[in-house]
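This report refers to the structure that appears directly beneath it.
The values are calculated or read from the model by the stated rules, or taken from the named source; none is laboratory data. Because the structure is predicted, anything quoted here is derived from the model rather than measured. Neighbour counts run over all protein chains shown; Cβ positions are idealised from the backbone, glycine included.
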Amino acid sequence: MKKIMTLFTLFITILTLISCTSTKNADIVTTMFPQYDFARQIVGNKMTVSLLLPPGVEVHTYEATSKDLVAIEESKLFIYTSLEIDTWIKDPTTLGGDETVVMNLSEYYILEDHDYHEEPEAIEDEGEHEHDDELHFWVDPVIAMQLLDAILEKIVEIDPLNEDFYRTNAATYHQELEELHLSFDQFMLNGFMDSDIFFAGHNALGLFGERYHLHIESLFESFKPDADLTSSELISFTEIIKQANVHVLFVEELAEPKAADQIISELAKDQYSLIILELHGYHNITKEEMEDGVRYADLLERNIEFIQQALNFND
């Protein structure tokens, strides 16, 4: 009898794991990590939140499946990043069911000129904004707070009975993001304004750099960081690093840093030390990070710590 119960328990456990990992159906469906994290921090255990993008998958190459479209149709709230990021969305008016609220996250922030002591701007539903780096608008913590607040209002719209619970959770997370923002802002004010850091690959953190008056210099914008460098490219990039006297090189998340490793090996021939640190663009996280419950705030804090390490190293 005991053996039968054990087998039954194991069978139920397997079924539960399969149901949790194979379905994306949820009350709130999202296309990218930032809005997934903001929504789940707000709703807690009151609603379910899913991320269409599988862990470790690059957002720019993702294509929605028929199951994804069904999950969106059955959801109460669908949050996508933008038509420029979620290129598989051709006509957002065709997405979702009759009761689904569809939210284009890129319409819910305002980017304004800011000085070194700016407080987070007030949220507005929609704004007209033209900026070279706005494709990756969520990397600016001040904008992230606006997005968090906007998602809160949509969640209250679909579930007003738990409004107080949602507002409390959102306020707590908003405060955590604001404290990180203000702390790093003060750090930059203390002698690090207009500093340079070097990035191996395409720099998605332009708005982050502008927010804190930090110059993020990309060694190769169009080159894939997981590809091999040619001899001439290797010589060029190592010379740039030597001339700038840089000893920390940043790489993007979810990419094998082949190019950076080549540069390190080449520099080592001249006894020039270079360390690699990750500068996360928040597009997506790894399976391990997902299982560990990593949040946007955790990635922001890690980015700040790594940048401080680099700037103090070069100081």
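Counting the residues of the stretch 189-230 that are modelled with pLDDT under 90 and not in a strand (DSSP E or B) gives 15. None of Leu279, Leu254, Leu299, Leu274 is surrounded by 17 or more Cβ atoms within 10 Å (Cβ to Cβ) and more than 21 Å from Phe33 (Cα to Cα) except Leu274.
State which residue is nearest to the chain's Cα centre (by Cα) when the search covers only the stretch 56-86 and only residues that are surrounded by 19 or more Cβ atoms within 10 Å (Cβ to Cβ) and part of a loop (DSSP other than H, G, I, E, B). The extreme case among them is Thr81. Given the structure, is Gly191 surrounded by fewer than 16 Cβ atoms within 10 Å (Cβ to Cβ) and either in contact with an Asp or Glu (Cβ under 8 Å, 6 or more places away or on another chain) or not aliphatic (A, V, I, L, M) (or both)? It is true that Gly191 is surrounded by fewer than 16 Cβ atoms within 10 Å (Cβ to Cβ) and either in contact with an Asp or Glu (Cβ under 8 Å, 6 or more places away or on another chain) or not aliphatic (A, V, I, L, M) (or both).
Residues in the stretch 270-302 that are in contact (Cβ under 8 Å) with a residue 40 or more places away in the chain, assigned to a helix (DSSP H, G or I) and under 13 Å from the mean Cα position of the chain (by Cα): Glu289, Met290, Tyr296, Ala297, Leu300, Glu301. Hey, among the residues in the stretch 32-55 that are among the polar types (S, T, N, Q) and over 13 Å from Tyr282 (Cβ atoms), which one's farthest from the chain's Cα centre (by Cα)? It comes out as Asn45.
Residue-level check: of (1) in contact (Cβ under 8 Å) with a residue 24 or more places away in the chain; (2) not assigned by TED's automatic domain parsing to the domain that holds Leu267, Arg167 misses just (1). Pairs meeting the criteria (first residue in the stretch 70-91 and touching a residue at least 60 places away in the same chain (Cβ under 8 Å), second residue assigned to a loop (DSSP other than H, G, I, E, B) and of a type in the set (D, E, K, R), beta carbons under 6 Å, at least 6 apart or on different chains) are Lys76/Asp27.
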